[in-house]
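Throughout, read-outs are computed from the coordinates displayed, never taken from laboratory work. Worth saying up front: this structure is predicted, and the values here are computed from it rather than measured. We place every Cβ from the backbone using ideal geometry, glycine too, and count neighbours over all the protein chains shown.
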Amino acid sequence: MEPSLIELPKFLDERGNLSFIEEDSQLPFKIKRVYWIYDVPGGQIRGGHAFKDTEELIVAISGSLDVVLNDGQKEYRFHLNRSYSGIYVPKMMWRMLDNFSTNSLAMIISSTEYDENDYIRNFNTFKKEAQSC
Ligand code: TYD
């Protein structure tokens, strides 16, 4: 599977805009967990790991950030700065979140509950496992 940009529904309204996610119509996985990353000091990087089984959707609910993905061969960089679009991250992707703006808020929708055993935290180990997929 390739990473991709998923456009979410948006209702533009002079009272303020509204977007939503429903797993059956917008996501290629079932939602098991939602977490968010916030108060990131300038220049900091989150991530730096891959998941063996977890798939994710990353949305910059507020502010902006970059999502950098590597499948073991190819690198992808996405700039997120809209509340109504997210990056679908398939399993077995090395992923890093960087270039956070002040007050940015990244919401991550995940296909699994938190499990440290699902993480690959060494890039060389990831590359070897990605080659054998
Ligand atoms: P981690 O996924 O390593 O952060 P990031 O990839 O964004 O740098 O998570 C940091 C810590 O937070 C991890 O050691 C355990 C905890 N954690 C949970 O308990 N539940 C969760 O759903 C997540 C994502 C993290």
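Considering helices alone, the calculated mean residue ellipticity of the chain at 222 nm is -2500 deg cm²/dmol, with DSSP H runs of length four and up weighted by -39500 (n - 2.57) and normalised per residue. Taking every alpha-carbon pair under 8 Å whose residues sit at least 6 apart, the chain reaches a relative contact order of 34 percent.
My understanding is that a pair violates if its Cα-Cα distance is over 20 Å; which of LYS30/LYS91; LYS30/LYS74; LYS10/LYS74; LYS30/LYS127 do that in this structure? Pairs exceeding the cut-off: LYS30/LYS74; LYS10/LYS74; LYS30/LYS127. The order of ASP98, ASP53, going from fewest to most other C-beta atoms within 10 Å of their C-beta, is ASP53, ASP98. Backbone phi angles across the stretch 38-45, fed through the Karplus curve with coefficients 6.51, -1.76 and 1.60 (θ = phi - 60°), yield HN-Hα couplings of 8, 6, 7, x, x, x, 7, 10 Hz in residue order; Gly and Pro are listed as x.
Applied to the stretch 61-66, the Karplus parametrisation 6.51 cos²θ - 1.76 cosθ + 1.60 on θ = phi - 60° returns per-residue 3J(HN,Hα) values of 4, 9, x, 8, 6, 10 Hz, with x for Gly and Pro.
The amide H of ARG33, built 1.01 Å from its N in the peptide plane, has SER110, THR112 as neighbours under 5 Å, considering only residues 5 or more places off or on other chains. For a straight C-alpha distance cut-off of 13 angstrom, the aspartates and glutamates reachable from LYS128 (same-chain residues fewer than eight places away being disregarded) are ASP71.
Within the stretch 71-133, which GluC sites (Glu not before Pro) sit in a loop by DSSP and count at most 16 neighbouring Cβ atoms inside 10 Å?
When the GluC sites (Glu not before Pro) of the stretch 71-133 are filtered for loop state and at most 16 Cβ neighbours within 10 Å, GLU113 remain.
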